[in-house]
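Worksheet: the structure to be examined is printed underneath.
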Amino acid sequence: MIWSEMLVCPHCGNEVSLWDASVKTKPLSMSDTFRCKSCRTQVPVGACERALESSLDAFGRKQLTKKRVIARVHGRTGSAKWQRPPTPEDHAVLARIAKAKLPKSAPNADLVWGELRRTGYHVGIEKLHHFYTKRNFIAMATLFDLAADFPEHVRDALRLLVLSYNSSHSTLMTRVVLKKGQSDFVLTGSQSGVLYISGLPVEKNILEGVRRKSKAFIDSFHLLHGSRSTVVVHNSTSESMPLKPHSVDYVFTDPPFGAYIPYAELNQINEHWLGKTTDRAREVIVSPSQSKGVLEYGAMMASVFKDISRVLKPEGLATVVFHSAHSEVWRALAQAYATAGFTVEATSVLDKIQASFKQVVSTVSVKGDPLLLLSKRRLDRAVGKTSSKIAAEVIRDAGNGSLSDPQLLYSQFVGKCLQLGRDIEMDAKAFYALARAEASSGPMPSADR
Ligand SMILES: C[S@@+](CC[C@H](N)C(=O)[O-])C[C@H]1O[C@@H](n2cnc3c(N)ncnc32)[C@H](O)[C@@H]1O
């Protein structure tokens, strides 16, 4: 079911759904303006306030929230897919759900907001269940009730299955997007890295979705079946791992990249179902809401590398995936591993097939995460080139191609600096400006000429 928020006409106060005001079919499009049916004025969608309503939430608590109505129903009969406007029967079902009792696994959990709250689309959202339609909150809680009846190892596998679907697909953060050349909306999950709720949220069928998702789990269990290897998962802070000194051959770590994604805040959507949330005091992050700046972040990262050094065998190696467009964050990382006695043996760039949402939309981001291979060997670094000299060389070496993928080039620049033990003195923004300036100053000679 596609839901729609309600627009309030700034001229006459008449309410109309975003769907009715802006969605046009054949060809499918969304217009930026509409004619108000009441006062006949042409109104930009962007000039309309969203209607609010006071209602009782799933636990019967009074809530002032965005008014949302059902706009479109999608379904399947046999193998035939269909869609239609809502009918009185759909409204009758919603009225019945509004009176339904909640299953016992339904958590009445407070959300703790940090960096991700937006005054617009998060109005009234204080509790976990405010991220769900009541129907889907009941569906989730019912699955948790059912999982609870199984022996512990099956119960936990079932919870993992349901939660692997939950935060991307079960909440009001699920969306439709309009893609060029498509005759219908494209159904998509939530945007990664944020808690965004669109003007046209989608209520998916969780039972269908989890059933589909189970295929990936069944395939993985087939793959692993009969394997004699053992995997131990420790859920603890990496600042003090429950591992013996010099017991580890190899470490692969993908630590938080400064302020990039507030994981503890995001992960509440899954963690509240398990009854335990991340201890934010131990979260390694740059976060104003947690009063952690680059200094605090660097100190926590230093404790992590210290503990990595403690558990790693003397000849052991550690790979770190890292990315930031900010030189101060790179410096904090470099200082953290250097203090723990690590040096960079080699660098490379992890070529991810799909950039994350944040990387695509951030004004300055880095594509292709740099990879660092660390060892405890003491390497002699000859004093030499400054990081701006290295930047100029990397740009010159790339020649005319430097502008086609400046983000990848920044990753290469960072890798070179770290490998040579140099401070990174340039943010991605300054580096891109240098690359643009070099490109406009004519054909670029190769670095070794
Ligand atoms: C870049 S993400 C890693 C994502 C992971 N590689 C994956 O694909 O799901 C960084 C992770 O570090 C976690 N983290 C933050 N502070 C931590 C700490 N003190 N100890 C262990 N993990 C921490 C964050 O919660 C986040 O899940």
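The values are calculated or read from the model by the stated rules, or taken from the named source; none is laboratory data. Owing to the predicted nature of the structure, the values given are computational and were not obtained by experimental measurement. We place every Cβ from the backbone using ideal geometry, glycine too, and count neighbours over all the protein chains shown. What goes into the accessible areas is simple: the full protein's heavy atoms, side chains included, and nothing from ligands, DNA or RNA. Shrake-Rupley method; radii C 1.70, N 1.55, O 1.52, S 1.80 Å.
Here are the numbers:
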| item | result |
| --- | --- |
| Where a label projected 7 Å from the Cα of LEU274 along Cα→Cβ would reach, residues of segment 223-244 with amide N under 14 Å | 233-237 |
| Carbon and sulfur %, accessible surface of segment 114-272 computed with the full protein complex present, 1.4 Å | 57 percent |
| Nearest-10 value in Å² for the accessible area of LYS127, using the 1.4 Å probe | 20 Å² |
| Rg to Rh, two decimals, where segment 57-140 supplies the alpha carbon set and Rh follows Kirkwood | 1.02 |
| Inter-probe distance in nm under a simple model that places probes 7 Å from Cα toward Cβ, at ASP156 and LYS180 | 4.9 nm |
| Long-range tail of P(r) for segment 250-441 (Cα pairs > 25 Å, %) | 39 percent |
| Rounded D (µm²/s) - segment 217-273, Kirkwood Rh over Cα pairs, Stokes-Einstein at 20 °C, 1.002 mPa s | 140 µm²/s |
| Projected area averaged over orientations for segment 256-327, convex hull of C-alpha atoms, nm² | 6.2 nm² |
| Accessible area expressed per residue, segment 117-234, with surrounding protein chains retained (probe 1.4 Å, Å²) | 55 Å² |
| Cα coordinate range in segment 128-250, projected on the principal axes (Å, largest first) | 57, 33, 30 |
| Kirkwood Rh and Cα Rg combined as Rg over Rh, evaluated for segment 192-317 | 1.04 |
| Nearest-0.05 FRET efficiency for SER289 and VAL321, computed from C-beta distance (R0 22 Å) | 0.30 |
| Counting DSSP beta bridges with both ends in segment 250-441, the antiparallel % (nearest 5) | 75 percent |
| Scattering profile of segment 2-224 at q = 0.08 Å⁻¹ [log10 I(q)/I(0), Debye over alpha-carbon scatterers] | -0.34 |
| Hydrodynamic radius (Kirkwood) for segment 128-167, which is based on Cα pairs only, to one decimal in Å | 10.5 Å |
| Whole-number percent relative contact order across the chain, with pairs defined as alpha carbons under 8 Å at least 6 apart | 11 percent |
| Extension gain (nm, one decimal) between THR119 and ALA95, 0.36 nm per residue minus Cα-Cα | 5.8 nm |
| Eligible lysines near LYS26 by straight Cα distance, threshold 26 Å, same-chain separation 8 or greater | LYS37, LYS81, LYS179, LYS180, LYS204 |
| Accessible area of segment 250-441 divided out per residue, in Å², using a probe of 1.4 angstrom | 48 Å² |
| Under-5 Å amide H pairs with THR33, H placed in peptide plane, nonlocal only | VAL45 |
| Overall Cα dimensions of the chain - principal axes, largest extent first, Å | 77, 62, 45 |
